[in-house]
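Notes to accompany the following structure.
The values are calculated or read from the model by the stated rules, or taken from the named source; none is laboratory data. Nothing here was measured: the structure is a model prediction, and the numbers come from that model. Please note: Cβ atoms are built from the backbone with ideal geometry, for glycine as well, and neighbour counts cover all protein chains shown.
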Amino acid sequence: MRLKTTLLAASALALVAAAGASAEELTIATVNNSDMIIMQELSDRFTAETGHTLNWVVLEENVLRQRVTTDIATNGGSFDIVTIGAYEAPIWGAQGWLNSLDDFGDDYDYEDILEPVRNGLSVDGSLYAVPFYAESSFTFYRTDLFEAAGIEAPTEQITYDEFAEIVAAVHDPDNDVFGTCQRGKAGWGENMAFVGPMVNAFGGQWFDMDWNPTIDSPEWHAAITYYVDLMNAYGPPGASSNGHNENRALFADGRCATWIDATSAAGYIYNPDESSVADVTGFFQAPRQVTDKGTGWFWAWALAVPSSSQKVDAAKEFLAWATSKDYVELVGETKGWVAAPPGTRASTYANPAYEEAAPFAGTVLNSILAANPADPTLNPVPYTGVQFVAIPEFQGIGNFVGQQIAAALAGQTTVDEALAASQQMAVREMTRAGYID
Amino acid sequence: MARAVSTSRKTFNTAIAGLLGFVMFFPVLWIVILSFKSEFDAIRSPLAILTSGWTLESYGAVQARSDYFKHFTNSVVISVGSTFLGLLIAVPAAWSMAFVPAKRTRGVLMWMLSTKMLPPVGVLVPIYLIFRDLGILDTNLGLVIVLMLMNLPIIIWMLYTYFREIPGEILEAARMDGASLRDEVLYVLTPMAVPGIASTVLLNIILAWNEAFWTLNLTAARAAPLTAFIASYSSPEGLFYAKLSAASVMAIAPILIMGWFSQKQLVRGLTFGAVK
C-alpha cells in the first residue's frame with residue numbers, strides 16, 4: 001500500500017515537472033493595430049490551452065523593424081515570435097534569419113491560405129511567415145456626394161484620367177470637402193505605397209531587366225506630374241504631410257470625397273463608432289491607366305519565428321493557433337465578424353456570417369486575388385512586389401524617392417528635379433550594392 | 001543701478017513672455033485635451049475637438065492593455081540608478097579636474113564631450129553584442145550602465161563648472177585642519193556644491209527618463225520603461241491618437257510634477273556661479 005502511494009506520488013510529481021518543463025514563456029514583438037490588439041486580448045485562451053505564457057512587445061512599425069533587425073542580425077534571441085510584413089518575409093527567409101513553417105500538419109490547411117498571400121511569404125516554395133491579415137488597395141468614395149453630383153459609381157476599372165474628372169466634379173472646398181485625399185507623407189510605406197501602384201498603372205517600373213533604375217522615364221514623369229497636379233488642385237491643404245492615418249481621419253470626418261488606400265481600413269470606415277460616413281461610403285477598384293497590372297498594392301502582416309529563438313516548437317504552436325481557421329472563427333464569434341482578420345483564408349470569405357457583416361468582403365477578396373507581386377508591371381521586371389521591390393536596398397531607395405516626391409508635392413522642387421535626384425541616388429545605390437556596374 | 005522700465009513696456013514684455021510660454025506649452029496642453037476625448041472625437045477638426053464631450057475611456061483602455069506600473073517602476077530604477085551611479089564616478093572626476101588640474105585636463109574634458117558627438121546608432125551593434133554576451137539585454141542593470149555612460153560627460157562637465165566656482169582656499173583650509181581627502185570631498189566640497197549637484201541630478205534624471213533610443217533598442221518585455229509604453233501606442237496604420245495621448249500624459253506626468261516642485265533648485269543650480 002505504502003509503495004503504491006509513493007509510486008503514485010512520484011508519478012504525479014513527474015507529470016507536473018514534465019508539464020512545467022514544456023510550458024514556455026514566449027516573447028512576441030508586434031505592431032500596434034486593431035487586429036493585433038484583438039490577438040493580444042484573445043491570447044489568454046492560448047495560454048489556457050497550452051500553458052505557454054506570452055510577453056508582448058508592441059512597437060511602432062518602423063521602430064519594430066529596426067529593433068527586430070538588430071536582434072536577429074546579432075543573434076540576440078530577445079524575441080521568439082516577430083511580426084513582419086510582406087517586404088521582409090522573403091528577404092529574411094532567404095537570408096536564413098527565419099525558421100521555415102511548413103510543418104503545421106494537415107489540420108492547419110495551408111491550401112486555404114490565399115495563393116498570392118502564400119506566395120508573397122515564401123522563398124523557393126517554403127513558407128517563412130504565416131499571414132495574420134492581408135490587404136490590397138481600392139478606392140473609397142462618398143455615395144451621397146456622388147449622388148448629389150450626378151455621378152454613377154464605376155462598376156468597371158476606370159482610368160486615372162476618368163478618376164480626375166470625377167474628383168473635379170465632387171470637389172467642394174467651400175463646404176470643406178476635398179475632391180480626393182491621397183498619401184503625401186514621405187516614406188516607402190507611406191506615399192510610395194500609393195505612388196508605386198500608380199506608376200505601375202502608367203506603365204512605369206522601378207528597374208529594367210538588368211536592374212538599371214528607370215525612375216526618370218517618361219512613364220514616371222507622367223504619373224508623378226498627374227499626382228502633383230491632382231493633389232494641388234483637389235487635395236486638402238498640407239497634403240505632403242498626410243499619411244494613412246491623417247487621410248483616414250479626414251475621410252472618417254467627412255472631408256474627402258475619394259480616397260485610394262488600404263482595403264483593411266474598410267472595417268473602420270464602416271464602423272459608426274469611429275466614422276461619421278459609415279453609411280455613405282462605397283468602394284470601387286483602384287484606377288488603371290495604360291495597364292491594369294499592379295494597380296492595387298499587396299501587403300500582409302505575418303508572424304514568423306526568428307532563427308535566434310530558443311523556443312521554436314512553442315513559438316510555432318502559437319503561430320499555428322493565431323493564424324488558424326479556428327482563430328478567425330473565434331474572433332468572429334467574440335468580437336463580431338466585421339473584426340475577423342481579412343485577406344488571408346478562403347474559408348473566411350466562404351463564411352456567410354462574414355459576408356453579411358462585411359459588405360466590402362467581395363471587393364477586398366477580388367483586389368487581393370488580382371494583386372500579383374510576381375508580375376506587377378506592364379513590361380517584365382526582375383523583381384517581385386507591387387508597391388515595393390523585394391530587395392534589401394529598396395527601403396533606402398524608396399524612402400529617398402518618397403522624400404523627393406513629397407518635396408515636389410509641397411512645391412519645394414519640380415517633378416523633373418525630384419525624379420532626376422531620385423534616379424541619381426538609385427543608380428548610386430544599385431552600383432554600390434553590385435547590381436549594376 | 002537698475003534700469004528704469006516704463007509700466008507699458010513691462011506689460012508688453014510680460015505679454016510677449018506669456019505668449020511664448022503658451023506656444024511652447026501648447027503641444028503638451030493639446031495632448032492632455034486629446035487624452036480626455038474619444039478616438040472618434042480626437043481626429044476631428046480642432047473646434048469640434050474642443051466642443052465635444054470629455055471621457056476617461058482612453059485612460060481605462062491603456063490601463064487595461066498595458067502594465068503601467070511595471071513600466072513606471074523600470075523608468076524610476078533606470079533614471080535614478082543611472083544618475084546616482086554617474087555621480088559616484090563624476091564627483092571624484094570633477095574634483096580632480098577642478099582642483100588638481102593637470103596639463104591635459106582641458107583636453108580630457110573636450111574628449112569626453114566629443115563622445116556625445118557620435119550618433120548613438122553608430123555604436124548600437126557593438127553594445128548590443130557586448131550586452132548579449134554579458135546576458136544583460138532587457139535588464140534594468142544593462143540600461144542603468146548604458147544611460148550612465150551616455151550621460152556621464154554631461155554630469156562631469158556640469159559638476160566641473162560648479163566646482164570651479166568654489167574657492168580652492170576653502171578646501172586648502174580644511175586640509176590644513178587635518179581633513180582627509182574623503183572628509184574634504186564629503187563634508188566641505190559637497191555641501192557647498194549642493195545646488196549644483198541637485199540641478200545635475202534633476203537634469204540627468206529628466207534626460208534618462210526621456211531617453212528613447214537605448215531604452216527602446218536594448219529592452220524587450222522585462223525592462224521596458226515608459227518610453228516603450230508610449231511607443232506601443234504609436235502606429236502609422238490605425239487611429240490611436242486619444243490612447244497615445246493618454247499614454248503620453250501618464251508617462252510625462254511624474255517627471256512634470258517632479259520638475260514643478262524642484263524648479264527652484266533647478267534654476268538656482270543652472271544659474272549657479274553666473275554672477276560673481
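List of remarks:
- Hits in region B:172-195 - residues which are surrounded by fewer than 21 Cβ atoms within 10 Å (Cβ to Cβ) and in contact (Cβ under 8 Å) with a residue 60 or more places away in the chain: B:Val185, B:Thr190, B:Pro195
- Looking across region A:255-287, just one residue is acidic (Asp, Glu) and away from chain B (no Cβ under 12 Å), and that is A:Asp279.
- Members of region A:401-437 found to be over 16 Å from A:Met231 (Cβ atoms) and not in a helix (DSSP H, G or I), listed by number: A:Ala433, A:Gly434, A:Tyr435, A:Ile436, A:Asp437
For every residue, the table says whether it meets (1) closer than 23 Å to A:Gly184 by Cβ; (2) in contact with a helix residue (DSSP H, G or I) (Cβ under 8 Å, 6 or more places away or on another chain); (3) not assigned by TED's automatic domain parsing to the domain that holds A:Gly189.
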site	(1), (2), (3)
A:Ala390	no, yes, no
A:Glu393	no, yes, no
A:Ile397	yes, yes, no
A:Phe400	yes, yes, no
A:Gln403	yes, no, no
A:Leu409	yes, yes, no
A:Val415	yes, yes, no
A:Ala418	yes, yes, no
A:Gln424	yes, no, no
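- Condition check for B:Ser52: at pLDDT below 90, surrounded by 10 or more Cβ atoms within 10 Å (Cβ to Cβ) and either among the aromatic types (Phe, Trp, Tyr) or touching a helix residue (DSSP H, G or I) at 6+ places or on another chain (Cβ under 7 Å) (or both): yes
- Test: A:Arg183 is without any contact (Cβ under 8 Å) to a residue 24 or more places away in the chain and either closer than 27 Å to A:Ala86 by Cα or part of a loop (DSSP other than H, G, I, E, B) (or both): no
- For region B:99-126, filtered to residues that are more than 22 Å from the chain's Cα centre (by Cα) and within 12 Å of chain A (Cβ to nearest Cβ), the residue that is surrounded by the most Cβ atoms within 10 Å (Cβ to Cβ) is B:Val125.
- Sole exception among (1) in a helix (DSSP H, G or I); (2) under 31 Å from the mean Cα position of the chain (by Cα) for B:Lys37, by number: (1)
- Among the residues of region A:217-234, not a single one is under 26 Å from A:Trp301 (Cα atoms), of a type in the set (Phe, Trp, Tyr) and either surrounded by 19 or more Cβ atoms within 10 Å (Cβ to Cβ) or touching a Pro at 6+ places or on another chain (Cβ under 8 Å) (or both).
- Subset of region B:225-276 that is assigned to a helix (DSSP H, G or I), surrounded by fewer than 18 Cβ atoms within 10 Å (Cβ to Cβ) and among the polar types (S, T, N, Q) - its residue that is modelled with the lowest pLDDT: B:Gln265
- Qualifying helices (runs of 4 or more DSSP H) (wholly inside region B:53-129; at least 3 residues being of a type in the set (S, T, N, Q) and in contact (Cβ under 8 Å) with a residue 12 or more places away in the chain): B:68-99
- 1 or more residues closer than 30 Å to A:Asp174 by Cα: qualifying strands (runs of 3 or more DSSP E) within region A:239-310: A:258-262, A:281-285
- Of the residues making up region A:74-88, just one is polar (S, T, N, Q) and either more than 10 Å from chain B (Cβ to nearest Cβ) or within 24 Å of A:Met192 (Cα to Cα) (or both), namely A:Thr83.
The rows are residues; the columns are (1) crowded, with 16+ Cβ neighbours inside 10 Å; (2) among the acidic types (Asp, Glu); (3) in contact with a Phe, Trp or Tyr (Cβ under 9 Å, 6 or more places away or on another chain).
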{"site": "A:Ala361", "(1), (2), (3)": "yes, no, yes"}
{"site": "A:Leu365", "(1), (2), (3)": "yes, no, yes"}
{"site": "A:Pro373", "(1), (2), (3)": "yes, no, yes"}
{"site": "A:Pro380", "(1), (2), (3)": "no, no, no"}
{"site": "A:Thr384", "(1), (2), (3)": "yes, no, no"}
{"site": "A:Phe388", "(1), (2), (3)": "yes, no, yes"}
{"site": "A:Gly396", "(1), (2), (3)": "no, no, yes"}
{"site": "A:Ser422", "(1), (2), (3)": "yes, no, yes"}
{"site": "A:Arg432", "(1), (2), (3)": "no, no, no"}
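- Of all residues in region A:186-228, those satisfying the criterion of being farther than 16 Å from A:Ile260 by Cβ, in contact (Cβ under 8 Å) with a residue 12 or more places away in the chain and either outside the structural domain of A:Thr414 (by TED's automatic domain parsing) or out of contact with any Phe, Trp or Tyr (no Cβ under 8 Å at 6 or more places or on another chain) (or both) are A:Ala186, A:Gly187, A:Gly203, A:Gln205, A:Asp208, A:Met209, A:Asp210, A:Asn212, A:Asp216, A:Ser217, A:His221, A:Thr225.
- If you check A:Glu156, A:Glu162, A:Glu111 for being assigned to a helix (DSSP H, G or I) and outside the structural domain of A:Lys311 (by TED's automatic domain parsing), only one passes: A:Glu162.
- Restricting attention to region A:17-41 and to residues that are within 24 Å of B:Val125 (Cβ to Cβ) and not hydrophobic (A, V, I, L, M, F, W, C), the residue that is farthest from the other protein chains (Cβ to nearest Cβ) turns out to be A:Thr30.
- Residue within region A:308-317 that is under 24 Å from A:Ala262 (Cβ atoms) and buried (at least 19 other Cβ atoms within 10 Å of the Cβ) present: no
- The set of residues in region A:42-73 that are surrounded by 16 or more Cβ atoms within 10 Å (Cβ to Cβ), more than 10 Å from chain B (Cβ to nearest Cβ) and outside any helix (DSSP H, G or I) contains only A:His52.
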